[in-house]
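J.: Supplied in structure tokens, the structure appears directly below.
The values are calculated or read from the model by the stated rules, or taken from the named source; none is laboratory data. These numbers were taken from a predicted model, which means no experiment stands behind them. Glycine gets a Cβ as well: all are built from the backbone with ideal geometry, and neighbour counts include every protein chain shown. Surface areas here come from the heavy atoms of the whole protein model, side chains and all, with no ligands, DNA or RNA. Shrake-Rupley method; radii C 1.70, N 1.55, O 1.52, S 1.80 Å.
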Amino acid sequence: MERDDIVEYLERLVLVEFQGAERDRVRSEVSKVLELFKTLDEVKDLDSYEPLFYVHDISGPTREDEPGEDIRLSYSDLEMNRRLERGFFKAPRTVVEE
Amino acid sequence: MTLATELGYRLVEEFKADPYRITKYLEELYERVERIEPRVRAFITLRPLDEVVKEVEERIKRGDTEGPLFGLAVAVKDNICTRGIRTTCASRMLENFVPPYDATVIERLRRAGAVIIGKTNMDEFAMGSTTETSAFYPTRNPWNLDRVPGGSSGGSAAALAAGMATLALGSDTGGSIRNPAAFTATYGLKPTYGLVSRFGLVAYASSLDQIGPMARCVEDLAMLLSAISGHDPRDSTSLDAPPRDYLRLLREEWSREPRLRIGIARNLVEGSEEGVRRCVERALDALCSYHDCEDVEIPYPRHAVAAYYIVAMAEASSNLARYDGVRYGIEVGVEGRSWVEVFKEARTRGFGYEVRKRIALGAYVLSAGYRDAYYVKALRFRRLLKERLYGLFRRLDAIATPTMPILPPRLGELVSDPIRMYLSDVCTVIANLVGIPAISVPAGFSDGLPVGLQLMAPALEEVRLLYLAKFLQESLGFRNLVAEVV
């Protein structure tokens with residue numbers, strides 16, 4: 001493993017924590033998964049293939065870039081899922097890190 | 001045979017003659033659910049019977065009974081948005097999320113007259129092959145309650161196999177429809193990428209995800225595919241494919257009886273457990289008694305698993321970045337700390353271990369210095385695999401493999417060994433990497449445990465797959481198999 005502490009590095013990358021026994025477990029599993037990923041090095045002449053981002057040679061039609069009326073959200077729709085105050089979403093009060 | 005366990009395409013005929021039979025059907029179905037669900041736990045959210053009956057009876061009163069799926073009870077995987085019905089992705093992160101809109105497939109189901117009876121259990125954010133990474137509880141296999149039903153659409157498959165739904169929707173990123181179909185003796189189809197809209201599907205890996213139908217016979221699968229497929233302007237990856245009546249096309253193909261050229265992926269058959277191999281060989285004997293078969297080799301199967309997981313985890317890390325506890329996800333009620341701390345708290349409490357691990361690995365393979373070594377290499381492999389597979393399709397109409405190389409494992413057996421779990425996707429990830437359709441068909445039982453056979457075809461050749469699946473259904477007699485849960 002190239003990193004001194006892979007777990008801390010991963011935690012920083014995606015803003016999650018691994019706690020207690022999870023830390024050893026994830027260290028061991030990540031190492032095995034990366035070994036599996038490295039097996040791609042065994043495939044000959046892979047560099048001669050262009051990366052395939054989209055599977056089809058054809059693409060679907062695109063719609064006009066105009067506002068539609070697909071979804072009409074009511075206040076009560078939003079209220080079901082989020083804290084609202086005077087029509088605004090309420091986010092937690094946070095402080096700026098020095 | 002009770003109404004509850006009758007096949008969908010027969011029920012719709014019966015309901016046309018007498019729409020009020022639907023009430024009796026739903027009552028019988030809910031009786032089964034009440035009896036079986038506590039042991040199987042296929043559902044996360046189940047709508048009350050009276051609410052469902054009321055919805056149907058109101059439609060009957062309005063004379064709105066013409067839909068091709070009118071009255072049929074559908075179980076929907078809990079990562080597909082349903083207006084007014086909780087959609088959790090089996091995650092604490094979305095435990096209380098009630099979508100304010102329907103996914104396109106749900107709009108189409110409602111238009112076709114189907115009745116959504118509930119939302120089914122799954123691996124958290126579809127990340128798993130056993131339905132054990134659900135944050136709520138594992139689902140059990142109706143054929144053997146000590147075994148997993150497969151995943152990630154394990155709840156949908158278990159609901160079908162236990163006779164608790166007539167039709168079901170799943171989603172398939174690397175085999176998540178076909179794996180549980182194989183483990184529960186049901187039918188599952190991953191359509192061509194872009195054939196079914198992903199609008200309203202909670203994203204896992206956007207270049208691989210595809211919603212698809214699950215059922216207890218090929219005809220029902222075809223009927224459900226007709227209802228949900230077709231172009232959707234709200235999904236930019238949706239193909240310009242006109243709506244098709246797959247049941248009619250299947251029947252036409254069936255009456256034509258074409259003899260097709262089938263490639264048997266010998267290396268994948270040989271690499272499977274003995275019980276799987278025996279059932280698959282028997283099914284292949286039936287297939288090859290009429291069709292022209294030849295042995296072929298799927299190139300680099302183990303490497304396909306590596307490429308698949310690199311792409312899936314990379315895309316997941318991007319898709320799941322939105323869950324910060326403010327825009328999406330649980331509110332943790334923490335105030336007065338830094339934004340990063342609040343964000344981290346919500347993500348750690350909201351995501352289970354497997355999800356955190358996968359998004360972390362995904363971010364790692366995309367990070368500076370590693371992107372070319374992992375992510376870009378996986379995309380290059382994806383093209384290689386597509387070229388090789390289409391090379392085979394120049395002389396073959398379809399390729400047959402086992403769906404899963406193993407029998408349904410005991411609970412806890414596979415989830416504790418992630419590499420073994422990932423490698424068990426060896427036969428299914430190929431279709432997702434290449435964007436082609438693939439179907440899982442019941443192929444028999446080994447020690448009472450279901451085994452599935454997979455067929456793959458070039459893009460948009462769903463009718464060919466349905467025809468071959470029907471050929472196997474009629475030859476092997478595995479149709480409408482319902483487990484007696486004891």
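J.: For a quick check of your reading of the model, give me the residue pairs whose first member lies in segment B:453-466 and is of a type in the set (A, V, I, L, M), whose second is open to solvent by 10 Å² or more (accessible area, probe 1.4 Å) and in a helix (DSSP H, G or I), with beta-carbon atoms closer than 6 Å and at least 6 apart or on different chains.
T.: B:Ala457/B:Arg464; B:Val463/B:Leu249; B:Val463/B:Glu253
J.: Still on this structure, please answer the following. Out of B:Glu31, B:Glu51, B:Glu6, which single residue is open to solvent by 40 Å² or more (accessible area, probe 1.4 Å) and either touching a strand residue (DSSP E or B) at 6+ places or on another chain (Cβ under 8 Å) or over 28 Å from B:Leu201 (Cβ atoms) (or both)?
T.: B:Glu31
J.: Which residues, taken from segment B:394-426, are of a type in the set (Ser, Thr, Tyr) and away from chain A (no Cβ under 12 Å)?
T.: B:Thr401, B:Thr403, B:Ser424
J.: Condition first: modelled with pLDDT under 95 and open to solvent by less than 10 Å² (accessible area, probe 1.4 Å). Can you find one or more residues in segment B:395-413 that meet it?
T.: No.
J.: Considering B:Arg178, B:Arg244, which residue is touching a residue at least 12 places away in the same chain (Cβ under 8 Å) and either over 20 Å from B:Ile430 (Cα atoms) or open to solvent by 10 Å² or more (accessible area, probe 1.4 Å) (or both)?
T.: Answer to the selection: B:Arg244.
J.: Could you grab me the full set of residues in segment B:121-138 that are among the aliphatic types (A, V, I, L, M) and touching a Phe, Trp or Tyr at 6+ places or on another chain (Cβ under 8 Å)?
T.: B:Ala126, B:Met127
J.: From the list A:Leu34, A:Leu40, which residue is hydrophobic (A, V, I, L, M, F, W, C), facing another protein chain (nearest Cβ under 7 Å) and not in a loop (DSSP other than H, G, I, E, B)?
T.: Only one candidate passes the filter, namely A:Leu40.
J.: Taking helices (runs of 4 or more DSSP H) that do not extend beyond segment B:1-86, which have at least 1 residues that are within 22 Å of the chain's Cα centre (by Cα) and not β-branched (Val, Ile, Thr)?
T.: B:8-17, B:21-40
J.: Somewhere in segment B:434-445, is a residue closer than 14 Å to B:Gly151 by Cβ, away from chain A (no Cβ under 11 Å) and of a type in the set (A, V, I, L, M, F, W, C)?
T.: no
J.: Right, another one. For segment B:358-373, name all the residues that are open to solvent by less than 10 Å² (accessible area, probe 1.4 Å) and in contact (Cβ under 8 Å) with a residue 40 or more places away in the chain.
T.: Selection gives B:Arg358, B:Ile359, B:Ala360, B:Leu361, B:Gly362, B:Val365.
J.: Sticking with this structure for a sec: Would a scan of segment B:378-393 turn up a residue that is touching a residue at least 12 places away in the same chain (Cβ under 8 Å), at the interface with another protein chain (Cβ under 10 Å from one of its Cβ atoms) and out of contact with any Leu (no Cβ under 7 Å at 6 or more places or on another chain)?
T.: no
J.: Oh, and also: What's the number of the condition B:Leu239 fails, among (1) over 21 Å from the mean Cα position of the chain (by Cα); (2) under 30 Å from A:Gly68 (Cβ atoms)?
T.: Status for B:Leu239: all satisfied but (1).
J.: Could we say that B:Arg111 is surrounded by fewer than 24 Cβ atoms within 10 Å (Cβ to Cβ), in contact (Cβ under 8 Å) with a residue 24 or more places away in the chain, more than 19 Å from the chain's Cα centre (by Cα) and closer than 25 Å to A:Ser76 by Cα here?
T.: yes
J.: Considering (1) β-branched (Val, Ile, Thr); (2) farther than 12 Å from B:Ala126 by Cα; (3) open to solvent by 10 Å² or more (accessible area, probe 1.4 Å), say which one B:Val202 fails and leave the rest.
T.: Condition not satisfied by B:Val202: (2).
J.: What residue, of A:Gly60, A:Gly68, is free of Cβ contacts under 8 Å to residues at least 40 places away in the same chain, surrounded by fewer than 11 Cβ atoms within 10 Å (Cβ to Cβ) and not aliphatic (A, V, I, L, M)?
T.: The match here is A:Gly68.
Yes/no matrix, rows are residues, columns are (1) within 14 Å of chain A (Cβ to nearest Cβ); (2) modelled with pLDDT under 95:
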site	(1), (2)
B:Ile262	no, no
B:Val269	no, no
B:Arg278	no, no
B:Val305	yes, no
B:Tyr308	yes, no
B:Ala314	yes, no
B:Leu320	yes, no
B:Gly333	yes, yes
B:Ser338	yes, yes
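J.: Oh, and also: Suppose the filter is closer than 18 Å to B:Leu472 by Cα and assigned to a loop (DSSP other than H, G, I, E, B); does B:Pro258 pass it?
T.: Taking the combined requirement at face value, the residue satisfies it.
J.: I've got another one for you. Looking only at residues that are open to solvent by 10 Å² or more (accessible area, probe 1.4 Å) and under 24 Å from the mean Cα position of the chain (by Cα) in segment B:339-355, which one is nearest to A:Ala91 (Cα to Cα)?
T.: B:Gly352
J.: Applying the selection to segment A:1-31, what residues are open to solvent by less than 20 Å² (accessible area, probe 1.4 Å), within 7 Å of chain B (Cβ to nearest Cβ) and assigned to a helix (DSSP H, G or I)?
T.: Those that are open to solvent by less than 20 Å² (accessible area, probe 1.4 Å), within 7 Å of chain B (Cβ to nearest Cβ) and assigned to a helix (DSSP H, G or I): A:Leu10, A:Val14, A:Val26, A:Glu29, A:Val30.
J.: In this structure, does A:Glu64 turn out to be over 26 Å from the mean Cα position of the chain (by Cα) and at pLDDT below 80?
T.: Spelling it out, it is not the case that A:Glu64 is over 26 Å from the mean Cα position of the chain (by Cα) and at pLDDT below 80.
J.: Can you tell me which condition A:His56 does not meet? The list is (1) farther than 30 Å from B:Tyr101 by Cβ; (2) at the interface with another protein chain (Cβ under 8 Å from one of its Cβ atoms); (3) at pLDDT below 95, and all the others hold.
T.: (1)
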